[in-house]
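The block underneath contains the structure these notes are about, expressed in structure tokens.
FYI, it's all coordinate maths here, none of it is from the lab. Remember, it's a predicted structure, so these values are computed and weren't measured experimentally. Note: ideal-geometry Cβ built from the backbone for every residue, glycine included; neighbour counts use all protein chains shown.
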Amino acid sequence: MVDYCQGDKHRPVDAAVQDHEIQQMNTTETPIGTAGETETAGVRPGPNIEAGIAVIQDQVTTLPNSPGVYRMLDHKGTALYVGKARNLKRRVSSYTKPAKISHRIFRMVSETTAMEVLVTHTEVEALLLESNLIKRLRPRYNVLMRDDKSFPHILITGDTDWPRLVKHRGARTSCGGYFGPFASAGAVNRTITALQRAFLLRNCSDTVFNSRTRPCLQYQIKRCAAPCVDYVSKEDYSELVEQARNFLAGDGGTVQRVMAQRMQEASQDMEFEMAALYRDRIRALTQIQAHQDINVEGLFDADVFALHSESGASCIQVFFFRGGSNYGNRAYFPSHDKTHDPAEVLTAFIGQFYDNKIPPHQVLVSHEFMERGLMAEALSIKAERKVRLLNPRRGPKRKLLDHAQTNAREALGRRLAESASHRRMLGDVAKAFNLEAVPDRIEVYDNSHIHGTNAVGAMIVAGPDGFVKNAYRKFNIRNLSDTTGEMGPVDAADQSGNHFKAGDDFAMMGQVLRRRFARAQKEDPDRDRGSWPDLVLIDGGEGHLSVAAKAMVELGIDDICLVAISKGPDRNAGRERFHMPGRQPFSMPERDPVLYYMQRLRDEAHRFAIETHRKRRSKALTRTGVEDIPGIGAKRKRALLNHFGSGRAISRAGLVDLEIVEGISRAVARKIYDYFHDDG
């Protein structure tokens, strides 16, 4: 558990390391070119080991014998590799000996046209900076951590007299106690539900809490003590909060013993309803502990990393233990070259994993690696306390690692099987749509709106590994609505100058595609960053296909396969029609796996488009107009809404009424009043 209050800031990288990033006075750069020569504009050099070695040798002459981080760059200035060194001069010079480097490093050196160096004070700072840069730059030749999502925590707020018990994900900016991480949102939700039964803490927002005049349903189903209507004293509620904090911090045995004693005393005093209440609370705590599948004696706060490699791929299972309880596990599949050994993959993964997370007191690893002491020191600096990095060889902790490795092996086996099946499916897709090669990237587009209001376009991406959710994009349709989200009285026009009426789904699709591929032409004109699709699938019929084809012609793109998928007769699933330029519409057999796959892609795009539209619509509904007034931020807006209740009431308020709101001065009140009442 970690306590935070307003103003506390967790810095993901050590301050000294960030200073090295910000202050460029310690940076040494070699201009793009070969052997110190500047590259001619517009000329792309080909892979050349001699040229790459010359660039590195030229850099070595100026390097110090001190710790630091180096970056290999290609002809575009994109990072190929980020590495750290105890001795920069010695480490970088090793790349100038082709006979002693691996094939992977040989390729990297061949593509290197420039280098950048950051000098650090210590090797630990270099390790922290290396992890930060790898995560930010994602160099092609490094081990890369995938699916880095923030983990959910349980938060007991500390900025109110009646603390809340809520799920929290993201930056720790609120005052209170944070407990976790949990491996999944489901694990947090189950735990919170049981904690509510055990400790009767509220989870409602402050706005709802302050407006209650009678207990809500949570009180009726015995999940809240109803502090909103004073059914519990502040002292008794504080005791419940303290018990919850102690339980989550690992002192569950003491909490349960106290409850059991009070249940016994209530029973002896013939207070059977109170005894039953304590009985139910004890059962709720037991339910939480029953969900902890694996518990190891002596393992209080720890993370467990177990790696299994096979066929050039790896899976790392991470188990989370907090307060002596197992908070679940998650599988990761880092991206790396086949030549990386397991210890190297695990080392790089751990460094990136803790780049934006606080390490626990213990970290268990399945493989021994050379820089374990250095990594432990770096994690200790991030945690601002001692962190032990262990590789146990025997005992309960070793059995736990073996169990985690078994999970990693099984997860990797499933992943490889799914990947092979998926690649076969993509091969069938290529045959169905006459593609020249198996597609590596499929983009699917859909629109969502209600009579043209709050219109959005959505793009989802799929590839050999399934859906690529970090590549999803949303497009707020431009020039279709006025500032209030309602349709204007006249036709609008997209950026191409084509006029269309409100709710014109065809024109919306054209605008989305123009914006998407115009940006792709600008950011990746050589199409070597993997951001161009091999197949574009559009949710629609011939009209949508015609608009898409026209947009591509306007942009000068003629080598991307366009396919539109329509519902077919009676809009029945399984009778979809496919439309392609220069080809008659066709259907696929009802049980064709490719048809199922296309349906799945279409449905995912539809889901994402609707979800995006609903979020935009909800945001539009909560706008009051106050946000557009200079000097009115979130805090003043909240104060106004709490006082008046709605944006409409704010717009009708008089000058005197506005001035009495906390935080609203006479000058600000005048601004608000004039904004809503100025006829000019």
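General observations
- Listed from fewest to most Cβ neighbours within 10 Å, the set Ser448, Ser66 follows the order Ser66, Ser448.
- The alpha carbon gyration tensor of the stretch 626-677 gives principal lengths a ≥ b ≥ c with a/c below 1.5, which makes the shape rounded.
- The loop-placed chymotrypsin sites (Phe, Trp or Tyr not before Pro) in the stretch 86-155, going by DSSP, include none that has at most 12 neighbouring Cβ atoms within 10 Å of its Cβ.
- For Thr453, no residue whose modelled amide H falls within less than 5 Å of its own remains once neighbours fewer than 5 places apart on the same chain are excluded.
- The stretch 186-284 shape via C-alpha gyration tensor axes, a/c threshold 1.5: oblate
- Mean separation of Cα pairs under 8 Å and 6 or more residues apart, divided by the residue count, gives the stretch 626-677 a relative contact order of 36 percent.
- The fewest-to-most ranking of Phe644, Phe578 by surrounding Cβ atoms within 10 Å reads Phe644, Phe578.
- Under Karplus coefficients 6.51, -1.76 and 1.60, residue-wise ³J(HN,Hα) of the stretch 447-463 in Hz, glycine/proline x: 10, 8, 6, 10, 6, x, 7, 6, 6, 9, x, 9, 10, 10, 10, 10, x
- Grouping the Cα pair distances of the stretch 302-413 into 5 Å bins from zero gives a pair-distance distribution of 2, 12, 23, 26, 21, 11, 3, 1 percent in increasing distance order.
- For the stretch 426-442, the Karplus equation 6.51 cos²θ - 1.76 cosθ + 1.60, evaluated at θ = phi - 60°, returns couplings of 5, x, 5, 4, 4, 5, 5, 10, 6, 7, 6, 8, 5, x, 8, 9, 10 Hz by residue, with Gly and Pro reported as x.
- Using the Karplus relation 6.51 cos²θ - 1.76 cosθ + 1.60 with θ = phi - 60°, the per-residue 3J(HN,Hα) values for the stretch 67-76 come to x, x, 10, 10, 10, 8, 10, 8, 5, 9 Hz, with x marking Gly and Pro.
- Taking GluC sites (Glu not before Pro) across the stretch 340-381, the ones in a DSSP loop with at most 16 further Cβ atoms lying within 10 angstrom of their Cβ are Glu368.
- Proxy reagent accessibility, fewest Cβ within 10 Å first, across Val318, Val60, Val365: Val60, Val318, Val365
- Near the amide H of Val468, within less than 5 Å, lie the amide hydrogens of Val461, Ala462, Gly463, all on another chain or at least 5 residues away, with H placed in the peptide plane.
- Computed over the stretch 302-413: relative contact order in percent, which uses C-alpha pairs under 8 Å that are six or more apart: 33
- Scaled radius of gyration (Cα, divided by 2.2 N^0.38 Å) that the stretch 502-568 gives: 1.12
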